[in-house]
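Below is one structure; the comments refer to it alone.
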Amino acid sequence: MDFLKVAGKTIQRASIEEEDLLNQSPAFRGEFDYVTARIEGGDQSEVVGEGSLSVVVVSTVDLSNSRLAPIELSDVRFENVNFSNAAMSETSARRTEFLRSQAIGLRIDFAQAADLYAEDCRFDYAAIRFERVKNAVVFRRCSFRETAISGDLSNVVFDDCEMDQVEFDATRAGGCDFTSSRLIGVRGLLTLRGARIDADQAGTLGTQFASEAGLTVVT
């Protein structure tokens, strides 16, 4: 088992033995059920489907403008996948990874996220909601521009991320960590009770905190 520790949180990476995977063609329209598979390439844009993936690697597949719900993910890795303007509701993700993927305008609702990891992805103009987080969720070197992030953000780590004009609406945020990310013009700070920021971030966000609390800052 491969484990990753970030900001005091430990997540288990997707457990996939590449040599055991069988090459299969992408077919996400309608009902699908992939087990121990490698799915590479193909245009699946605008498909509507539902199903599950277990011990699967999906790479260079175009899923833009797709509608996938419900979907269950277990030991899944997405690499260089295009999720732009896709919608994924009722998503259950365990040991799931998003690597170097385009997710501009993605709307995704995680019914449950356990050991979720995203690296070098663009989530600009997206809407991401977590109903329940188990263990931890880590975003590393990801971009969030004018993104809406809501729900259970407990134990969600934003590691070296760009967060410009992000709007938060958290139901829980204990253990959430922003200390290595850049926060610019973010909103919904008062919903992030229990989250961690560093001293420099606190100074930068002070005026925004005051504004959201209804205070007038006189200069």
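The values are calculated or read from the model by the stated rules, or taken from the named source; none is laboratory data. Treat the numbers as computed from the prediction; the structure is a model and nothing was measured. Cβ coordinates were reconstructed from backbone atoms using ideal geometry, including for glycine residues, and neighbour counts include every protein chain displayed. Side chains included, ligands, DNA and RNA excluded: accessible areas come from the protein's heavy atoms. Shrake-Rupley method; radii C 1.70, N 1.55, O 1.52, S 1.80 Å.
Within region 100-123, the residues that satisfy the criterion of being farther than 23 Å from Leu22 by Cα and either of a type in the set (Val, Ile, Thr) or not in a strand (DSSP E or B) (or both) are Ala103, Ile104, Gly105, Leu106, Ile108, Asp120, Cys121, Phe123. Contact annotation: residue pairs with Cβ atoms under 7 Å, 6 or more positions apart or on different chains, pairing a residue in region 104-117 that is of a type in the set (Val, Ile, Thr) with a partner that is in a strand (DSSP E or B), are Ile104/Arg122; Ile108/Met88; Ile108/Thr91; Ile108/Ile128.
It is to be established whether one or more residues within region 191-204 are aliphatic (A, V, I, L, M), surrounded by fewer than 19 Cβ atoms within 10 Å (Cβ to Cβ) and assigned to a helix (DSSP H, G or I). Scanning region 191-204 turns up at least one residue that is aliphatic (A, V, I, L, M), surrounded by fewer than 19 Cβ atoms within 10 Å (Cβ to Cβ) and assigned to a helix (DSSP H, G or I).
Conditions tested, residue by residue: (1) open to solvent by less than 10 Å² (accessible area, probe 1.4 Å); (2) farther than 21 Å from Asp20 by Cβ.
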| site | (1), (2) |
| --- | --- |
| Asp62 | no, yes |
| Arg67 | no, yes |
| Val76 | yes, no |
| Phe83 | yes, yes |
| Thr91 | yes, yes |
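Here Glu31 meets the list (1) out of contact with any Asp or Glu (no Cβ under 8 Å at 6 or more places or on another chain); (2) open to solvent by 60 Å² or more (accessible area, probe 1.4 Å); (3) assigned to a strand (DSSP E or B) almost entirely, failing just condition (1).
Remark: pairs (first residue in region 79-99, without any contact (Cβ under 8 Å) to a residue 24 or more places away in the chain and outside any strand (DSSP E or B); second residue among the polar types (S, T, N, Q) and open to solvent by 20 Å² or more (accessible area, probe 1.4 Å); Cβ separation under 6 Å; 6+ apart in sequence or on different chains) = Asn80/Thr60; Ser84/Gln102; Asn85/Asn65. Please verify whether region 65-77 includes one or more residues that are farther than 21 Å from Gln102 by Cβ and in contact (Cβ under 8 Å) with a residue 60 or more places away in the chain. Checked region 65-77: at least one residue is farther than 21 Å from Gln102 by Cβ and in contact (Cβ under 8 Å) with a residue 60 or more places away in the chain.
Counting only residues that are of a type outside the set (S, T, N, Q) and either out of contact with any Leu (no Cβ under 7 Å at 6 or more places or on another chain) or part of a loop (DSSP other than H, G, I, E, B) (or both), how many does region 34-58 have?
Looking only at that region, the number is 13.
Exactly one residue out of Ser154, Ser180 is open to solvent by less than 20 Å² (accessible area, probe 1.4 Å), of a type outside the set (Asp, Glu), assigned to a loop (DSSP other than H, G, I, E, B) and in contact (Cβ under 8 Å) with a residue 40 or more places away in the chain: that is Ser154.
Only residues that are open to solvent by 100 Å² or more (accessible area, probe 1.4 Å) and assigned to a strand (DSSP E or B): list them for region 14-28, please. Hits for region 14-28 are Leu22, Asn23.
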